[in-house]
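Encoded as structure tokens, the structure appears first; notes follow it.
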Amino acid sequence: KDQTIREIHHRVKNNLQTISSLLRLQGRRLGTEEARTAIEESVRRIRSIALVHEILSREAGDDVPFVEVARPIVSMVQDMITSDHPIHFFLDDEGDTGVLPANVATPLAVVLNELMQNAVDHAFPHGDEDGEVESAEPFDGHVVVRLDRRDGELTVQVSDDGVGLPSGFSLDASRGLGLSIVQALV
């Protein structure tokens, strides 16, 4: 039974990778940067889900050591950065972060991806629509992902040393897709 379940997870992972490849092919044919960016974001979301199924395909049971999901997601987001200045990612996973059921690990993987991508997109100065730099001096940025398990509860925290939230920012009024996904899954 365990072997059959692992095989199913392996097939799901392969199907998700096929979908990602098809989207990347489609993205290369698109003419606008906005459309290509939307495809890339979708590919990252799908890859986050596929990571959980990859781990499930190797291990018996329905639990996933979330640190094994977080590490490749952190690397994936860092590898896909197209910023003009360095953004450094750190995963702070000291101690036993434990395991999560797959039905919790999968949406949490997507949430982690979204939060890191928001840090990349919004926390650090970058060029505006005219290519002008919004900040006089771009700086190296840092994004830290902390995994901490206490009393059987896993806390995932994403923080950065960027410019901070704009004045008047309201999470409830935010219309961005990434934050909408985070709110829906959390």
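The values are calculated or read from the model by the stated rules, or taken from the named source; none is laboratory data. This structure is a prediction, so every number in the text was calculated from the model and none was measured. In this analysis, Cβ positions are derived from the backbone assuming ideal geometry, glycine residues included, and neighbour counts consider all displayed protein chains. Remember, those area values only see protein heavy atoms, side chains included, never the ligands or the DNA or RNA. Shrake-Rupley method; radii C 1.70, N 1.55, O 1.52, S 1.80 Å.
Summed over the stretch 24-45, the residues that are hydrophobic (A, V, I, L, M, F, W, C) and surrounded by 16 or more Cβ atoms within 10 Å (Cβ to Cβ) give a count of 2.
For the stretch 126-155, the candidate set comprises residues that are small (Gly, Ala, Ser) and touching a strand residue (DSSP E or B) at 6+ places or on another chain (Cβ under 7 Å); within that set, the residue that is modelled with the lowest pLDDT is GLY127. Inside the stretch 32-88, residues that are of a type in the set (Val, Ile, Thr) and touching an Asp or Glu at 6+ places or on another chain (Cβ under 7 Å) make up a count of 2.
ASP63 meets the stated requirement of being closer than 20 Å to ARG11 by Cα, of a type in the set (Asp, Glu), touching a strand residue (DSSP E or B) at 6+ places or on another chain (Cβ under 8 Å) and modelled with pLDDT under 90. Note down all Cβ pairs under 7 Å where the first residue falls in the stretch 17-38 and is closer than 20 Å to MET76 by Cβ and of a type in the set (D, E, K, R), the second is open to solvent by less than 70 Å² (accessible area, probe 1.4 Å) and in a helix (DSSP H, G or I), and they're at least six residues apart or on different chains. Pairs found: ARG24/VAL43; ARG36/GLY27. Taken over the stretch 167-186, the criterion of being part of a loop (DSSP other than H, G, I, E, B) and in contact with a Ser or Thr (Cβ under 8 Å, 6 or more places away or on another chain) is satisfied by SER174 alone. Within the stretch 1-23, how many residues turn out to be closer than 25 Å to GLU41 by Cβ and open to solvent by less than 60 Å² (accessible area, probe 1.4 Å)? So the count comes out to 8. Within the option set LEU56, LEU91, being in contact (Cβ under 8 Å) with a residue 12 or more places away in the chain, buried (at least 20 other Cβ atoms within 10 Å of the Cβ) and under 25 Å from ASP148 (Cβ atoms) holds for one residue only, LEU56. Of the residues ARG29, ARG47, the single one that is touching a Leu at 6+ places or on another chain (Cβ under 8 Å), at pLDDT 85 or above and not hydrophobic (A, V, I, L, M, F, W, C) is ARG47.
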